[in-house]
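Just below is one structure, and these are the notes that go with it.
The values are calculated or read from the model by the stated rules, or taken from the named source; none is laboratory data. Only a predicted model underlies this, so the values are computations on that prediction, with no experimental measurement involved. Using ideal geometry, Cβ is built from the backbone for each residue, glycine included, and neighbour counts are taken over all protein chains shown.
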Amino acid sequence: MSEIARLFGNRADAYASFRPQYPEPLFDWLAAHSPGHQRALDIACGNGQATRPLQRHFDQVLACDASPEQLRAADLPGVFCFAANASAQPLHDGCLDLIVVAQALHWFATPDFFTEARRLLGPGGLFCAWCYGLLRIDEALDALLDDFYRHTLGGYWPSGRASVDAGYADIHTPFRRLALPEFAIELQWDFTQLLGYLSTWSAVQKLQQASGRDPLLELAPQLQQAWGDGQKTRFIRWPLHFLAGFPNRADS
């Protein structure tokens, strides 16, 4: 199991509780641009934030993750779930109408992975990966979170995280990239939900393992002061960034 799979597996329950959900119009768009609606695969599915909405649009939805702990924490009735590395899927050639990768492509965006995605997709099959970077709340909270992200945690992010900061613009694909409409995650959260989400960051976990201290305990008083009433909900937004295309189209 890879280091990333172990990190997220260790916090599978928190990941399932605090990771934000994706906007429903995104899945309407994916279904509208897929060549069919027979079968879709969510690679590196985590606890299934991107898997469940696909069930409303596709006859069969499959979900895989390198972490068995993540799969055990997921509640995905009606979905065929299996553990597998992203670049080695136990599926037949050309069996998929759609592949999605939500907030995970940066861990395995290799030529081998894109070759595997092309093998799995049928004619005109759609590939779509997306990521989101730092959440935005207000000026004071954003400044604290930016400093925490870049300075406190700066040396603890795995190397793939740089691609998230770049909005996947640095990832090269063997097919023409497709532009998507602007989508964003938008939620109302209270202070406890914010802290729960921050606890799922892989760099927080790595710093804890390396030093034995919890950086969130040090940050929380400053965040609390800037937030105000902890029971009060605030509007939180994450813009989404996409890497999408039709790998098997002749014009791609």
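Scan the helices (runs of 4 or more DSSP H) fully inside the range 44-138 and keep the ones with 2 or more residues being in contact with a Gly (Cβ under 8 Å, 6 or more places away or on another chain).
Because the criterion is at least 2 residues that are in contact with a Gly (Cβ under 8 Å, 6 or more places away or on another chain), the helices (runs of 4 or more DSSP H) in the range 44-138 that meet it are 68-73, 111-120.
Checking the conditions here, which among Q209, Q224 is polar (S, T, N, Q) and loosely packed, with under 12 Cβ neighbours inside 10 Å?
The conditions single out Q209.
Is it the case that R72 is farther than 26 Å from L178 by Cβ, of a type in the set (K, R) and surrounded by fewer than 18 Cβ atoms within 10 Å (Cβ to Cβ)?
Yes, satisfied.
From the residues in the range 180-199 that are out of contact with any strand residue (DSSP E or B) (no Cβ under 7 Å at 6 or more places or on another chain) and in contact (Cβ under 8 Å) with a residue 60 or more places away in the chain, which one is surrounded by the most Cβ atoms within 10 Å (Cβ to Cβ)?
Y197
Picking from A40, A14, A5, which residue would you name as being at pLDDT 75 or above, crowded, with 16+ Cβ neighbours inside 10 Å and of a type in the set (G, A, S)?
After ruling out the rest, the residue left standing is A40.
Please state which one of R177, R237 is touching a residue at least 40 places away in the same chain (Cβ under 8 Å), surrounded by 14 or more Cβ atoms within 10 Å (Cβ to Cβ) and charged (D, E, K, R).
Just a single option satisfies the conditions, and that option is R177.
Can you tell me which residue among Y132, Y156, Y168 is more than 22 Å from L243 (Cα to Cα) and in contact (Cβ under 8 Å) with a residue 24 or more places away in the chain?
Checking each option against the conditions leaves just Y156.
Using the structure shown, decide if G167 is touching a Gly at 6+ places or on another chain (Cβ under 8 Å) and among the small types (G, A, S).
It is true that G167 is touching a Gly at 6+ places or on another chain (Cβ under 8 Å) and among the small types (G, A, S).
Out of all the residues in the range 90-106, is one or more under 23 Å from H57 (Cα atoms), among the charged types (D, E, K, R), modelled with pLDDT of 95 or more and surrounded by fewer than 20 Cβ atoms within 10 Å (Cβ to Cβ)?
The answer is yes; a qualifying residue exists.
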